[in-house]
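Below you'll find the structure, written out as structure tokens, and then a few comments.
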């Protein structure tokens, strides 16, 4: 478990406030098998949000690395830049909510096999598309942190 400042999780907290709920894991028996892959040039920490709503570091991924994870349908995940704590996207969302293979096939138009297996769903970790203004602010922030 680790703590970070709330300002770095602006997108996640905004999502929480709009939906009037505390982001946390809930009990589920529906297993989901995922493969998180880091497609950014940054070192990324994959974070599971536990039953209390606290962030627990699950893995650190360098560029191109992946990790196979067994999780549950009601367990949310986020990804953060390990140095800046900036939020990354997991399959184009700031919060990844796993769905079982059958639902994934229905949502993506893939054929569901007659004999279901424990297939892994590929979850791509990417950078968000920021405005030029926001990128500039992030860069200034990084320069101010640097003691040079």
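Extension gain, residue 63 to residue 137, is 24.2 nm, computed as 0.36 nm per intervening residue step minus the present C-alpha separation. Among 32, 44, a tally of other beta-carbon atoms within 10 Å of each Cβ gives an order, fewest to most, of 32, 44. Fewest neighbouring Cβ atoms within 10 Å first, the residues 49, 37 line up as 37, 49.
All of the numbers you see were taken from the coordinates with simple rules; none came from a lab. Because the structure is predicted, anything quoted here is derived from the model rather than measured. Cβ coordinates were reconstructed from backbone atoms using ideal geometry, including for glycine residues, and neighbour counts include every protein chain displayed.
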